[in-house]
Every structure is written in structure tokens, then in C-alpha cells.
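Q: A single structure is presented below for examination.
The values are calculated or read from the model by the stated rules, or taken from the named source; none is laboratory data. Nothing here was measured: the structure is a model prediction, and the numbers come from that model. For neighbour counting, all protein chains shown are included, and Cβ atoms are generated from backbone atoms with ideal geometry for every residue, glycine included. Ligands, DNA and RNA are excluded from the accessible area calculation, which covers all protein heavy atoms including side chains. Shrake-Rupley method; radii C 1.70, N 1.55, O 1.52, S 1.80 Å.
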Amino acid sequence: MKKIIIAIDGFSSCGKSTLAKSLAQHLQYAYIDSGAMYRATTLYLLRNEVLPANEAGIKKALQQIDIQFKRINEVNTTFLNGENVESEIRGLEVSSHVSEVAAISTVRRSMVNIQRTAGRQKGIVMDGRDIGTVVFPKAELKIFLTATLEERIRRRVLQLEKQGKNISREEIEKNLQHRDHIDSTRADSPLRQAEDAVLIDNTNLSEPEQLAMTIALAQERMIKENE
Ligand code: CDP
């Protein structure tokens, strides 16, 4: 069976990584969380006090950043220069700055290169904002996920509570709206639905339901590839 590339894009906190992870596990494909790459880069820049306007500083930082993903106790874990930063990159500080960092073209070019290399052999599920439009415009299956803002806030509150992070509902709402706005209005690779993407509104879908829908779509595309 020939392997395909699956791109999942959408607004903040609409369940992209939950879907991407379970789909990758089901198909025995690799999974790349492209958002974690932008988050780890943001953390590095914050720690080293490199401001988004400092072009030379950003270029130098990008050469010093190594991002790896490892599975630890069944959990996809992000490492920045060998350090486990999974928890820190999900906190409010990184969340408040990541969209400004992700709007910088130098940063995007560097991340997209790494992402394309990871997809060279196909057999990959990647989630983000520009995966179907820019990173893999020829991906065999593109999904654009949406859910209502209320539902997205509810899910992020639950997720952060589970991680023991104490962030108010108001702060979460502000952060999601802030990121959605910057992500969809930036000049370089704005978030938008690719013309050939399948739109799935998962507001009222359970996780098994959305997984079953996407498995069916993936199987259909795989059969087409093998014809
Ligand atoms: O919080 P959520 O899981 O929704 O976001 P994420 O996937 O972790 O992405 C964090 C941020 O990284 C987004 O708000 C975007 O600013 C940026 N991003 C991007 O610009 N392009 C991508 N392919 C993935 C993320």
C-alpha cells in the first residue's frame, strides 16, 4: 500500500492534534505537531530575549535551535536542544507570543524546511495552520477542522486543568481570539482552508466519530493512490 500525506489545519484549540495523533496511530504513520515547533522556537527566543524585530538575532537563534519529538509514556513530547519543554511550551507565556513569532517569514521558512524533510517518505500526519496550503500543497488528504469558539474554549480549559495549569477562562478566550486573528491575517502563509480540503465541523462530534470519518477519507485516498 502506497503511503500518503495527511494535512490537518484549523483554528486554535479545535482538536487538530487529538485527531492527528489518533489517526497517525491507527495508520501507523508518523505524527508531527507543527505548532509545537513554533512554540519551542518562541520559548527559545523568550529565554534569550530576542525580540521579533531583531532579524539578525532571529537568524542566529534559528541556527542554534534543535527541535526533536520523542514518545515518553505514550505521550508525544517536545525537546528543545535536548531539554523536555513539553509542559512549558503549552503555558500562557509562550501562547501569548507564539503567533507574533510564527508571523516572521524567516522563522516560517526554517520550520517549513524541517517539516518538508519529515514528509519526504510520506506516511505522515501533520497538523497546523499552513500544512495543506504551503507545506504540502499536494497532500493526498487535507482536512480543515472547525468548532465553535465556545466549544474550543471549553476544550482548552479542560486540557489545561488536566495538566495542572491554572489559567482563567477569560485568559484562554482572549488568547484563542488573539491567535486566531494574527494567524488568519498575517501576510506570510495565513491560516485558510485549502480549496481541496475537506471541511469538518467537530463541535458536536465525539473523538471516535471524527476519527472514524477521517479514517474513511484516508482509506479512500489510499485506494486512489494505489489504483
Ligand atoms: O493551541 P493550538 O494547539 O491550537 O495551537 P498550536 O497548533 O500549538 O500552534 C501554536 C501557534 O503556532 C499558532 O497559533 C500559530 O501562530 C503557529 N502555527 C503556525 O503559524 N503554523 C503552523 N503550521 C502551526 C502553528
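Q: For THR133, are the conditions met, namely being open to solvent by 20 Å² or more (accessible area, probe 1.4 Å), more than 12 Å from the ligand (Cβ to nearest atom) and modelled with pLDDT of 95 or more?
A: In short, no.
Q: Need at least 3 residues that are within 19 Å of ALA197 (Cβ to Cβ) per element, so show me which strands (runs of 3 or more DSSP E) inside segment 3-86 make the cut, counting only ones lying wholly within it.
A: Fully inside segment 3-86 and qualifying: 5-10, 30-33.
Q: Condition test on ALA36, is it within 18 Å of GLN159 (Cβ to Cβ) and of a type in the set (A, V, I, L, M)?
A: Yes.
Q: Report whether or not LEU149 is aliphatic (A, V, I, L, M), touching a residue at least 24 places away in the same chain (Cβ under 8 Å), surrounded by 15 or more Cβ atoms within 10 Å (Cβ to Cβ) and more than 11 Å from the ligand (Cβ to nearest atom).
A: In short, yes.
Q: Can you name the residue in segment 71-96 that is more than 16 Å from the chain's Cα centre (by Cα) and without any contact (Cβ under 8 Å) to a residue 12 or more places away in the chain and is also surrounded by the fewest Cβ atoms within 10 Å (Cβ to Cβ) among such residues?
A: Checked segment 71-96; the qualifying residue surrounded by the fewest Cβ atoms within 10 Å (Cβ to Cβ) is ASN73.
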